[in-house]
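Following: one structure in structure tokens, then a few remarks.
The values are calculated or read from the model by the stated rules, or taken from the named source; none is laboratory data. Here the structure is a predicted model, which means the values were calculated and not measured. All Cβ positions, even for glycine, are placed from backbone atoms using ideal geometry, and neighbour counts span all protein chains on display.
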Amino acid sequence: MTTIEAPATREIPYVSAIAEAFGQLMREDPNVFIAGEDVALYGSVFGVTRGLLKEFGPQRVVDTPISESGIMGLGLGAAATGLRPVIDIMFMDFMAVCMDEVVNQIAKIKYMFGGTARIPLTIHTMAGAGTSMAAQHSQSLEAWFCHIPGLKVVMPSGPYEAKGLLVAAVRDDNPVMVVNTKTILGMKAHVPEQIYEIPLGKANVVRPGSNFTILATGRMVSESVKAAEMLVADGLDVEVIDPRTLQPFDTETVVQSVRKTHRALVAHEAVRFGGIGAEFAAQIQEEAFDYLDAPVGRVGAPFTPVPFSPVLEKEYMPNAEKIAAEVRRLLGKQA
Amino acid sequence: MDISNGVLLDLHRRMVRIRTFEEEAGKLMEAGKIPGALHLYVGEEAVAAGVMVHLRDSDQITSTHRGHGHLVAKGGDLRKMYAELYGRATGYCKGKGGSMHISDLDLGMLGANGIVGAGPPIAIGAAFSNKYRGTDNVTVCFFGDGASNEGTFHEAANMAALYKLPVVFACENNGFGEFTRQERHQAVHDIADRAAGYGMPGIVVDGMDALAVYEAAGEAIARARAGSGPTLLEFKTYRFFDHVGIRGMGVIYREDAEVLQWRERDPVGLVETRLAEQGILSPEAAAAVHEAALADVRDAIAFAEASPFPEPGALMEDIYTVSRGVA
Ligand SMILES: Cc1ncc(C[n+]2csc(CCOP(=O)(O)OP(=O)(O)O)c2C)c(N)n1
């Protein structure tokens, strides 16, 4: 396994990084195929599979009926019998339509069968609010899946992560869910042309700092970097960490940071109550309690379905300003 | 079936109101005035109108992501509809739902829905309730050809027939699920054939012909009302516009020639020709119906644009019902 750092020469958008990774993965392994709604002829409503049908044909790039349970089960059956499927579920909200396949079947078969099964399956989906698509097309439900033993969950924060984590997910011999955020699909960054992996279960220090740690997922990583810049004026030198993989979680990197900075906040776009940040915060206080000078803060969406009206959605969305404000509030509570 | 002149004119008026509502909404979405995604009903008006003229306010419908036409046909308030599309506090859902969740429980409109295939189980629940409460209300479940591939439809169809529920499954087969043509998403040609598997009648209907829709829907609804159980109606129709927004021509998933061919059987045009031939509606009178619809739609748009956005505090309201004094 090699991790190649991105040369500063080529910038591509997040969406193209995904498409490029799919193409390279399918070229290297004839057992990799992609199935999902409108992924073939149309190239996916988000454009993440554009061009694949032409190169790989309809057997490997499969347009499915609108049948999420069927599609997900197909992925499981194919994975259990030697293929390496990628199942695309257009919006993460639709994961609720195929929960039995994901939770009771895909996640557990290996264990229930005493280890005899191997399920190299990738579930690929889009989360996130901010597009005026209302309550059933905007959710970030990653915490649900982190709660299920047997699943791995990754959440890319930009184009480089999107490609590297997707490659690692597909090459992994376990079910891995890739949770993209639709509002950063246009984000551009350096992405190496050759195929590369970002190792699963390894966090990344995005911005080194000395006296505050922000642990953020998905779109909140770039928002946290912005917040860190805002907080310079407050005399803070914020370290921003992107766990990249939520399950398994890289406790070590985060704890090391907190031991140095003594203060931490976790940020995600999902609803705060019961979000993955709650687990992260709990791990930080378990492992670094003696080092903490303030309670571990949490920024997430308020406990409400995602509203349609742009004014309400704006109110709903976590962002850099809300992260910076929460950091300042925590500092007021400092021991 | 004998159709009175009054009913014919009513059918026509409902169709024109849907057409006008949708054309204007599409333009406003493309101009960036209406946020989010609108799934427009243009081309399919005969289905909503032909079904809805048979329904009372106390009868329910479940709708889809393509739901404006259903609510307009059921007598929805255009002002509240537009205000909802604009995300205003005066909208049907106080701006919280938008196009995909537009609803009017007082009219028995149990909601547009963002989840394909969500309607059928909800519809059988409403039908169960109608029977349970001893009413003779009927529930009509609208769903697409694409939705007929979700397990939810099959489970609901089985239960509806098993319990002889007063429900009508109204499949709007417009030939596509998003960008996937029917023959690429199911091996059956007639979705109505699926009814046999559940022990209910299944009937193919010309969904561009409002009178054919009227007739078939009338029989199925009467059957449900009489306690004789569900029917699956498959309306063959066509979406003139794109899956989202207006375009619809010059797209990769279908030929323009096909669109033009279907447009020759424009349901609004068909009914107008028929009514003119029968001497019921002169071209001038038809034009007046269009003008009146446009005036109503413009009034609704003006109302929406003048309406306030919700207060930010509304974000945290309406999540739970106040129950025994506790929210
Ligand atoms: C469970 C679920 N899967 C996928 C989608 C995305 N989607 C929205 S509309 C649509 C096509 C629906 O086709 P059909 O039922 O035929 O209705 P039509 O759009 O043609 O009116 C799809 C796939 C969704 N909203 N919900």
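What the table below lists for this structure:
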{"read-out": "Subset tally (residues that are free of Cβ contacts under 8 Å to residues at least 12 places away in the same chain and either of a type in the set (A, V, I, L, M, F, W, C) or part of a strand (DSSP E or B) (or both)) for segment A:6-64", "value": "0"}
{"read-out": "Matching residues, segment A:291-331, being within 7 Å of chain B (Cβ to nearest Cβ), touching a Lys or Arg at 6+ places or on another chain (Cβ under 9 Å) and outside any loop (DSSP other than H, G, I, E, B)", "value": "A:LEU312"}
{"read-out": "Residue within segment B:26-45 that is among the hydroxyl-bearing types (Ser, Thr, Tyr) and outside any loop (DSSP other than H, G, I, E, B) present", "value": "no"}
{"read-out": "Unique residue being more than 12 Å from the ligand (Cβ to nearest atom) and at positive phi when the list is A:GLY75, A:GLY114", "value": "A:GLY114"}
{"read-out": "Tally of residues being part of a helix (DSSP H, G or I) and of a type in the set (Gly, Ala, Ser) across segment A:152-183", "value": "4"}
{"read-out": "Meets criteria (at pLDDT 95 or above, polar (S, T, N, Q) and surrounded by fewer than 19 Cβ atoms within 10 Å (Cβ to Cβ)) for A:GLN247", "value": "no"}
{"read-out": "Options B:ALA224, B:ALA286, B:ALA304: the member that is within 14 Å of another protein chain (Cβ to nearest Cβ), outside any loop (DSSP other than H, G, I, E, B) and surrounded by 16 or more Cβ atoms within 10 Å (Cβ to Cβ)", "value": "B:ALA304"}
{"read-out": "Residue satisfying all of: in segment B:1-27; under 14 Å from B:GLU44 (Cα atoms) and among the hydrophobic types (A, V, I, L, M, F, W, C); surrounded by the fewest Cβ atoms within 10 Å (Cβ to Cβ) among these", "value": "B:VAL16"}
{"read-out": "Matching entry among A:LEU331, A:LEU312, A:LEU292 (being out of contact with any Asp or Glu (no Cβ under 6 Å at 6 or more places or on another chain), without any contact (Cβ under 8 Å) to a residue 24 or more places away in the chain and on the phi < 0 side of the Ramachandran plot)", "value": "A:LEU312"}
{"read-out": "Cβ-Cβ under 7 Å pairs, at least 6 apart or on other chains, segment B:116-145 side away from chain A (no Cβ under 13 Å), far side within 13 Å of the ligand (Cβ to nearest atom) and among the acidic types (Asp, Glu)", "value": "B:PHE142/B:GLU172"}
{"read-out": "Residue in segment A:114-130 that is of a type in the set (Gly, Ala, Ser), closer than 22 Å to A:VAL32 by Cβ and crowded, with 20+ Cβ neighbours inside 10 Å present", "value": "no"}
{"read-out": "Residue in segment B:54-68 that is within 16 Å of the ligand (Cβ to nearest atom), more than 14 Å from every other protein chain (Cβ to nearest Cβ), within 20 Å of B:ILE246 (Cα to Cα) and in contact with a helix residue (DSSP H, G or I) (Cβ under 8 Å, 6 or more places away or on another chain) present", "value": "yes"}
{"read-out": "Residue in segment A:14-22 that is surrounded by fewer than 19 Cβ atoms within 10 Å (Cβ to Cβ), closer than 26 Å to A:ILE106 by Cα and at pLDDT 95 or above present", "value": "no"}
{"read-out": "Filter result (within 16 Å of the ligand (Cβ to nearest atom) and in contact with a Lys or Arg (Cβ under 9 Å, 6 or more places away or on another chain)) within segment A:44-64", "value": "A:SER44, A:PHE46, A:ASP63"}
{"read-out": "In segment B:158-187, residue nearest to B:TRP262 (Cα to Cα) [restricted to those that are in contact with a Lys or Arg (Cβ under 7 Å, 6 or more places away or on another chain) and more than 12 Å from the ligand (Cβ to nearest atom)]", "value": "B:PRO166"}
{"read-out": "A:ILE89 being within 14 Å of another protein chain (Cβ to nearest Cβ), within 19 Å of A:VAL179 (Cα to Cα) and either touching a Leu at 6+ places or on another chain (Cβ under 8 Å) or within 16 Å of the ligand (Cβ to nearest atom) (or both)", "value": "yes"}
{"read-out": "Criterion violated by A:GLU286 - all others in (1) of a type in the set (Asp, Glu); (2) in contact (Cβ under 8 Å) with a residue 60 or more places away in the chain; (3) closer than 18 Å to A:HIS147 by Cβ satisfied", "value": "(2)"}
{"read-out": "Pick from segment B:94-115, criterion outside any loop (DSSP other than H, G, I, E, B) and in contact (Cβ under 8 Å) with a residue 24 or more places away in the chain, ranking: farthest from the ligand (Cβ to nearest atom)", "value": "B:ASP106"}
{"read-out": "Close pairs (8 angstrom Cβ cut-off, 6 or more residues apart or separate chains): closer than 14 Å to A:ILE184 by Cβ in segment A:142-169, at pLDDT below 95 and surrounded by fewer than 22 Cβ atoms within 10 Å (Cβ to Cβ) anywhere", "value": "A:TYR160/A:ALA6"}
{"read-out": "Only listed residue being small (Gly, Ala, Ser), away from every other protein chain (no Cβ under 13 Å) and over 16 Å from B:GLY229 (Cα atoms), chosen from B:GLY207, B:GLY202", "value": "B:GLY207"}
{"read-out": "Residue in segment B:180-193 that is part of a loop (DSSP other than H, G, I, E, B), in contact with a strand residue (DSSP E or B) (Cβ under 8 Å, 6 or more places away or on another chain) and within 14 Å of chain A (Cβ to nearest Cβ) present", "value": "yes"}
